[in-house]
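Notes to accompany the following structure.
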Amino acid sequence: MNRVILIGNLTKDPELKYTPNGIAVCNFTIAVNRPRNSYDNEQQADFIHIIAWQKLADICANYLTKGREAAVEGRLHTRSYEKDGRRVYVTEVVAERVDFLGARPVESYPQGT
C-alpha cells in the first residue's frame, strides 16, 4: 500500500504549469514539523515536494498561498533524471486530495464580502 497523509504549511506560493497536451500541474512544497526530541527540544521540519494534477492543480493554484496550512493525501512517487552527468533521484508526493486548513488570508476574499 502506498498512502501518505501530511499536514504542513506552504513554503512559497504554488507554481501552476501546463503540459504540452494542456494538462494542469501544480507544484508546491510544505514544511511538516517533526516531533520534538527529548535531548534538545528544538523544532525541526521536513520539506516535502507535492505535485497535483488536472482540476486539483487548478484548485491548489487558486486557493493556496505561502504560509497557508494544508492537509495532503496522496502517494509517494520516485523518479530520476540526469544532470551534469550525474543521476539525480527525487521523491515527491502525488496529491489525490488537498484540504485547506485555517482561515483564508484576507486578501483572497472577493471584493464586497
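Would you be able to say whether some residue in segment 70-80 is out of contact with any strand residue (DSSP E or B) (no Cβ under 9 Å at 6 or more places or on another chain), among the charged types (D, E, K, R) and modelled with pLDDT under 95? Even if it seems obvious, please write down each step before you answer.
We begin by selecting, within segment 70-80, every residue out of contact with any strand residue (DSSP E or B) (no Cβ under 9 Å at 6 or more places or on another chain); these are none.
The answer is no, given that none of the residues of segment 70-80 is out of contact with any strand residue (DSSP E or B) (no Cβ under 9 Å at 6 or more places or on another chain), among the charged types (D, E, K, R) and modelled with pLDDT under 95.
Residues to consider are ALA52, ALA31; find the one that is touching a Ser or Thr at 6+ places or on another chain (Cβ under 7 Å), small (Gly, Ala, Ser) and under 18 Å from VAL90 (Cα atoms). Give the derivation first.
Values: ALA52 fails: touching a Ser or Thr at 6+ places or on another chain (Cβ under 7 Å).
Checking each option against the conditions leaves just ALA31.
On the given criteria, is PRO20 under 18 Å from VAL98 (Cα atoms) and free of Cβ contacts under 8 Å to residues at least 60 places away in the same chain? Even if it seems obvious, please write down each step before you answer.
Working: under 18 Å from VAL98 (Cα atoms): no; free of Cβ contacts under 8 Å to residues at least 60 places away in the same chain: yes.
So PRO20 does not fit the description; no.
For segment 19-45, how many residues are loosely packed, with under 13 Cβ neighbours inside 10 Å and closer than 20 Å to LEU56 by Cα? Full working, then the answer.
Residues of segment 19-45 that are loosely packed, with under 13 Cβ neighbours inside 10 Å, as a first pass: 19-23, 33-44.
Cutting the leftovers down to closer than 20 Å to LEU56 by Cα gives us 19-23.
Of the residues in that region, 5 qualify.
Which of the following residues is in contact with a Cys (Cβ under 6 Å, 6 or more places away or on another chain) and surrounded by 11 or more Cβ atoms within 10 Å (Cβ to Cβ): LEU16, LEU64?
Values: LEU64 fails: in contact with a Cys (Cβ under 6 Å, 6 or more places away or on another chain).
It is LEU16.
Find all pairs meeting these conditions: Cβ atoms under 6 angstrom apart; at least six residues apart or on different chains; first residue within segment 40-52 and in contact (Cβ under 8 Å) with a residue 24 or more places away in the chain; second residue assigned to a strand (DSSP E or B) and not aliphatic (A, V, I, L, M).
Within 6 Å, the pairs are ALA45/ASN33; PHE47/THR29; HIS49/THR29; HIS49/GLU92; ILE50/PHE28; ILE51/ASN27; ILE51/GLU92; ALA52/CYS26.
Against the condition surrounded by 11 or more Cβ atoms within 10 Å (Cβ to Cβ), aliphatic (A, V, I, L, M) and either touching a Leu at 6+ places or on another chain (Cβ under 9 Å) or farther than 22 Å from THR91 by Cβ (or both), how does ALA70 come out, does it pass?
On the way: surrounded by 11 or more Cβ atoms within 10 Å (Cβ to Cβ): yes; aliphatic (A, V, I, L, M): yes; either touching a Leu at 6+ places or on another chain (Cβ under 9 Å) or farther than 22 Å from THR91 by Cβ (or both): yes.
Yes, satisfied.
The values are calculated or read from the model by the stated rules, or taken from the named source; none is laboratory data. Here the structure is a predicted model, which is why all the values come from computation and not from measurement. Cβ sites come from the backbone with ideal geometry, for glycine too, and all protein chains shown count toward neighbours.
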